[in-house]
1. Which of 178/389; 178/236; 97/350 have a Cα-Cα distance over 23 Å?
2. What angle do you read, to the nearest 10 degrees and between 0 and 90, between the alpha-carbon axis of helix 64-84 and the longest principal axis of the chain?
3. Relative to the longest principal Cα axis of the chain, at what angle does helix 305-316 sit, 0 to 90 degrees, rounded to 10?
4. For residue 234, give me every one of the aspartates and glutamates with a C-alpha distance below 14 angstrom, ignoring sequence neighbours fewer than eight places off in its own chain.
5. Calculated FRET efficiency, residue 80 and residue 371, Cβ-Cβ r, R0 25 Å, to nearest 0.05?
6. Considering only DSSP beta bridges whose two residues both sit in the chain, what percent are antiparallel, to the nearest 5?
7. Sort 85-92, 172-179 by packing, meaning the average of other beta carbons within 10 Å per residue, with the highest value first.
8. Please give the helix 166-181 orientation as an angle from the longest Cα principal axis of the chain, in degrees from 0 to 90, rounded to the nearest 10.
Amino acid sequence: MRFKSISGAGLAALLLAASAACVSEDTTNASSDDSLVGTGTGDECEIDETVKIGAVLSLTEGAAFAGLYQQEGIELAFEELNAAGGVEYELIVEDDKTSVEDSVVAFEKVINRDKVSAIVGPTLSNMAFTTFPDAESAGVPALGISTTAEGIPDLGDYIFRNSLPEEVALAASIPAAKATLGITKVAVLYDSADEFTASAYNTITDVLAEEDIEVVVDESFETADTDFSAQLTKVKDADVDAVILSALPAATGPLVKQARDLDITAPIVGGNAFNSPVLVGTLEDAAEGLIVGGAWSADADTTGNAEFIANYMEKYDREPDQFAAQAYTAAYMIDQAVRADCDANREAVKDNLGQILEYDSILGTISLSESGEVSQEPFVQIVENGEFKLLEG
Ligand code: 1QQ
């Protein structure tokens, strides 16, 4: 991994943020803590004070399918980092119960009660649109690990994500499905009540237009719906080549099952939300042939991936997924940002997170820009015999 040198604009932002610290009690406390500054840099960095990191994750309710893997991934990484020495981390995990209100409370706790140096999470974009502005105004760097909706990095200077944007995932999975399956006419089904799935819908229609694929059915539903017969009857009547689906796993399970029960055999194509063994487990045989675009693959020959999978399985007795892999990577990115100037104050972490260039991670080569956006190559996978396999498109 390389770090960019601090640009004039970065320095100006730093000075502005430092002056903002004079009016915000939280930022003043965080930015003036000399005990969080150590000696040496990079691998040689040593900080005496324990560095607190908050993780706000959905550990119960709808998004727990991802949040529980995220908790495991981040705990494994901080365990490894603590064993490596030099910097001792304390991870404080809060459950946002898949609710915006609880996510706000959890952010408030880690920001003001625990005075963390950085926050990882939340799990869903739906929460991030409310809680990231809170982190921004408190001057606390926040690193989203699965917040893939359009516009997340625009929420502020302290807001970052290592979450492959859904538009990048879909821009890979739809052309790969076209190349492999030769699709020309499709149905688009999407959850219009969730920020992430609704924003993905815009990308889907753009990518389909670019790929010259005709949309013959275009239907929406809402997150809590359980009966999709009205939409699926239209899909069946249209005899499409594929169904492009933008849904969270809670709706994807019943929707795909109901489609297969109606004898809709067309392949189903999606993005980040599909990249979950929980979904495959729920769907059983109905998951076969699902095509997903995402940020990580167990099949990928990325740096440290085989070791990560082995250590994860050893610790948790189950295979990791994309959500665990992104959370694991986030901890290492925060560690690198802390070690760059051997300074775990919020300003330093924020500044150095935005300087991560070409980090060779289990997700592949990944960079974060000063604007908070990630760049990495997506992986397209297909479910075969109950397992995700890389799809050569
Ligand atoms: C988002 C997502 C979800 C599918 C993560 C679990 O990508 O909310 O942005």
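Rule-based calculations on the coordinates, nothing more; no lab input. Just so you know, these numbers come straight off a predicted model, no measurement behind them. Glycine gets a Cβ as well: all are built from the backbone with ideal geometry, and neighbour counts include every protein chain shown.
1. 97/350
2. Rounded to the nearest ten degrees, it is 40.
3. 90 degrees
4. 218, 219, 263
5. 0.30
6. 35 percent
7. With the highest mean Cβ count within 10 Å placed first, the list reads 172-179, 85-92.
8. Compared with the principal axis, the helix lies near 30 degrees.
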